[in-house]
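Following: one structure in structure tokens, then a few remarks.
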Amino acid sequence: MKSLIKLWQQVSLDVGLMCHVSTTRDFKTVAGRFEHEGVSFLTITLTDFGKGLEKALDRGSVDHDLFPGFRFRGGLPQFLGGFLDLVFDRKSGRLLDEPNETAIYAVRQLTLMFGKILIECSPARSKAALVKFVECEQDVRSSDRTITPGLLDRFSVMSLKLFGDVLAAVDREVYDGTLTPKHGPGKTADKLSGNRKFDQVEWPRRLDSVFPFGDYCLPNWRFNYLLDSVSILEPGHERPVKVTLVPKSLKTPRIIAIEPTCMQYMQQALMMAIVPALEGDSLVSSMIGFTDQVPNQHMAREGSRTGGLATIDLSEASDRVSNQHVRVLLKHFPHLFEAVDASRSRKADVPGFGVMRLAKFASMGSALCFPIEAMVFLTIVMMAIEHEHGRRFTRADISRFRGRVRVYGDDIIVPTEYMRAVVDHLEAFGLKVNLSKSFGTGRFRESCGKEYYNGTDVSITKVRSLFPVRQLDATEVIATVSLRNRLFEAGLTGAARWMDPRINHLLGGWYPAVTSDSPILGRIENGAYECLRMDPDTQVPQVKGFCVSPKLPASMASGEGSLLKWFLKRGDEPFADRNHLVRSGRPDAVTLKLRWASAA
């Protein structure tokens, strides 16, 4: 943990040079409080300070409530005061007419860099997250009871205008039986992995009524003898999703729900039909995204420069989309409705709470979670804008908001003048707006991992893992080299140089200069790279160093399962791995291997 403090010191020296500010006293504060409060000071307290800065930029002034636990001198905190003086007036706390964007970046870098480090939460925080999950489920049920029929009618009408063509096309695909299923790469509730997923032995009755097992899980009907080994599960005996915690931050873990193999299999089929149709639609393709975050980032930058676009963030976004919302969304498309409902898991096994029936549509982990929630959010956004105009929108009216409205997951961008109405409508549907990460009044905006102030990129470099102590900690070594190179590319060269001898020691001296295209774990040096020899066949410059070598788990399917895998393959290219029938799935280990490889 001490290495994190030393890294903070090096970064503070770098940003201090950028802004001509001394950080000596700031480092004493950080070192002292870390000694007394531990790593939570870096990961939680400092992060809250950084979020306070963002809200102060949005409000246009500093208030004491934004920086709890820090002493003030005049109208500003003493901590990082040299940077804050370049952004706010010390006496009044008001935002300067021309705040220093580099100083804003410096404060954000120094306070938010450890906010998403992957450290296991305490048992108490993990339990609190599960309690919150259960309480969220109760909130969804309560919202279902209180939402008005008139609001749902408006939702239905707007969703038809937005997505009618797309949903009709997918509805036809379901009816024609042309969907191609697909297994996801991750874990499943029934613990099948890799090639073993192609030999399924469980299939829910309600799933079979829409997607017959024989049509979707047999290579062809000559293998109908496999039907004798399949358990067709009645609704009361279906396998629930498995709720689990994964690291997100020291403050709270992320909750995901691991789906059964059969459900994920058909969810992927529906997702692979819905997403391309949405991204290719003439009306909504520019208003909704799943694979490209750049449009959201560009709009956030434009919003920070002109003030004309606001960014809205949702808390517990996936867990607050009710199944009732989705039923209204799809009610005019009977075949798609039935398919989505059949492939939706209805129960969840929550640690400490047992199996509970779900009112939400799906938690993170379902292949349909992301596209369905995006359609729900966009529908509500356009309902709010329509309400502000006081008349029913036509598709032509909606098209005028292309380039001004966009939804990517729970990152929402809307014209600033509609922000209040959008927030009100989202909350009327039981959704929870994260006001601490939603911006519409000042010049600060954030969306899809990028932050801007007045058109200037003030995004930071984040530390994702603890520093390794040995080369065998391959995942941490890879993350540390990546961090070093991202610090260097961000202009924090002092911090990068401080890390170099430590990484060199970990790698036993094999730590060459390479380009970002090299498979070698090495240091980036403004395009320069080492060349120790030329490849005799390709004449490509080579260097010796460590390469990442993922170890795929042994995973063999039956002959019938292997044939099914071939029939389900998309595209004309052969399988990338010639041993895919022997080893498959997510790597169960990552190792580092010393070898010759391209330096550029």
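Just a few scattered comments:
- Euclidean distance between Cα centres, the stretch 579-598 to the stretch 222-285, Å: 27
- Whole-angstrom gap from the stretch 453-504 to the stretch 81-144, using each part's C-alpha centre: 21
- Remark on the stretch 1-149: ratio of C-alpha radius of gyration to 2.2 N^0.38 Å is 1.27.
- Charge dipole magnitude, Cβ of K and R +1, D and E -1 - the stretch 381-451, Cα centre, debye nearest 20: 280
- In this simple spin-label approximation, residue 357 and residue 567 carry label points 7 Å from Cα along the Cα→Cβ vector, and these lie 3.7 nm apart.
- Which labelled figure in (1) 154; (2) 163; (3) 175 is volume of the Cα convex hull per residue in Å³, once derived from the coordinates: (3)
- Net dipole in debye of the chain [+1 Lys, Arg Cβ; -1 Asp, Glu Cβ; about Cα centre; nearest 20]: 1200
- Across the stretch 474-598, the volume of the C-alpha convex hull divided among the residues equals 147 Å³ per residue.
- Relative contact order (%) - criterion: Cα under 8 Å, at least six apart; region: the stretch 474-598: 25
- If you plug the beta carbon distance of residue 500 and residue 544 into 1/(1 + (r/R0)^6) with R0 = 22 Å, you get a FRET efficiency near 0.80.
- Here the 3J(HN,Hα) profile of the stretch 404-409, calculated from phi with Karplus coefficients 6.51, -1.76 and 1.60 at θ = phi - 60°, is 10, 10, 7, 10, 9, x Hz, Gly and Pro shown as x.
- In summary, the helical segments of the chain meeting the span-like criteria, namely a full DSSP H run, a Cα extent along the axis of 24 angstrom or more and a mean Kyte-Doolittle hydropathy of at least 0.0, are 2-19, 149-176, 261-279, 369-389.
- Net charge of neighbours whose Cβ lies under 13 Å from the Cβ of residue 330, counting Lys and Arg as +1 and Asp and Glu as -1: 0
- Each residue in 46, 152, 96 was given a count of other beta-carbon atoms within 10 angstrom of its own, and listing them fewest first yields 96, 152, 46.
- Residues 516, 399, sorted so that the one with the fewest Cβ neighbours within 10 Å comes first: 516, 399
- Positive dipole terminus of the stretch 165-276, leading residue within 243, 229, 261 (C-beta point charges): 243
Each reported figure results from applying straightforward, stated rules to the coordinates on display, with no laboratory input. If you're wondering where the values come from, they're calculated on a predicted model, not measured in any experiment. With ideal geometry, Cβ positions are generated from the backbone for all residues, glycine too; neighbour counts draw on all protein chains shown.
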